[in-house]
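The block underneath contains the structure these notes are about, expressed in structure tokens.
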Amino acid sequence: MSDTDTAAWAALLRVHAALVPRIDRELQRRCGLPLTWYDVLLELNSAPGRRLSMGELGEVAVVSRTRASRVVDQLVAAGFVSRSSNPEDKRSAYAVITDEGRKVLRAAAPVYLAAIERFYTSHMSAAESRTVAAALEKVLAAGPHT
């Protein structure tokens, strides 16, 4: 492994550690919505039928599988998500975004996007942003290697 490889990894970790809390604070301050809630609502809103099983949500959301379940519980209590039973597997349930959840997500989206621009992409050229996105997508597409 080269020094450049190590530096790229270290930079990714430092940027993530620095920016996630800033974006979270911005969303909470301006919208009363934690970043974890926004992420789960975003994934549910873009899913087919606007619903995902807890397992599916754990795979696509940024939060861990166990944390996804707790976040869904919080979102249900807030009225932004409902749970519906899975007719094919009585042991599992779907998380479904509610109309109120979609309303809150739409209101928070401009704040979220502006925070990404202010804290992240404004410090790169468009070409650099495309390069970072393409490189990280390649890593994700490679899948887990155990």
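The values are calculated or read from the model by the stated rules, or taken from the named source; none is laboratory data. Given the structure is predicted, the values throughout are model-derived calculations rather than measurements. Don't worry about glycine lacking a Cβ; one is built from the backbone with ideal geometry, like all the others, and counts go over all protein chains shown.
Results, tabulated for the structure shown:
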item: Any pair with Cβ under 6 angstrom, 6 or more apart, that starts in the stretch 1-23 at a residue that is more than 10 Å from Phe119 (Cβ to Cβ) and ends at one that is at pLDDT 95 or above and loosely packed, with under 10 Cβ neighbours inside 10 Å; result: none
item: Ala115, sole failed condition from (1) more than 17 Å from Tyr38 (Cα to Cα); (2) of a type outside the set (Phe, Trp, Tyr); (3) part of a helix (DSSP H, G or I); result: (1)
item: Number of the condition not met by Glu26 [criteria: (1) of a type in the set (D, E, K, R); (2) without any contact (Cβ under 8 Å) to a residue 60 or more places away in the chain; (3) surrounded by 14 or more Cβ atoms within 10 Å (Cβ to Cβ)]; result: (2)
item: Flag for Tyr38 being of a type in the set (Phe, Trp, Tyr), in a helix (DSSP H, G or I), in contact (Cβ under 8 Å) with a residue 40 or more places away in the chain and surrounded by 13 or more Cβ atoms within 10 Å (Cβ to Cβ); result: yes
item: Hey, Tyr120 among the hydroxyl-bearing types (Ser, Thr, Tyr), in contact (Cβ under 8 Å) with a residue 12 or more places away in the chain, closer than 25 Å to Arg22 by Cα and surrounded by 12 or more Cβ atoms within 10 Å (Cβ to Cβ) or not; result: yes
item: Subset of the stretch 92-105 [of a type outside the set (Lys, Arg) and exposed (fewer than 15 other Cβ atoms within 10 Å of the Cβ)]; result: Ser92, Asp99, Glu100
item: Residue that is nearest to His16 (Cα to Cα) [pool: residues in the stretch 60-87 that are of a type in the set (A, V, I, L, M) and in contact with a Ser or Thr (Cβ under 7 Å, 6 or more places away or on another chain)]; result: Val63
item: Residue match in the stretch 55-72 (condition: within 15 Å of Arg102 (Cα to Cα), under 12 Å from the mean Cα position of the chain (by Cα) and not β-branched (Val, Ile, Thr)); result: no
item: Verdict on Ala127 being more than 16 Å from the chain's Cα centre (by Cα), at negative phi and modelled with pLDDT of 95 or more; result: yes
item: Leu52 being under 29 Å from Ser122 (Cβ atoms) and touching a residue at least 40 places away in the same chain (Cβ under 8 Å); result: no
item: Where Ala108 falls short, out of the listed (1) more than 14 Å from the chain's Cα centre (by Cα); (2) buried (at least 16 other Cβ atoms within 10 Å of the Cβ); (3) among the small types (Gly, Ala, Ser); result: (1)
item: Unique residue being modelled with pLDDT under 95 and outside any helix (DSSP H, G or I) when the list is Leu57, Leu52; result: Leu52
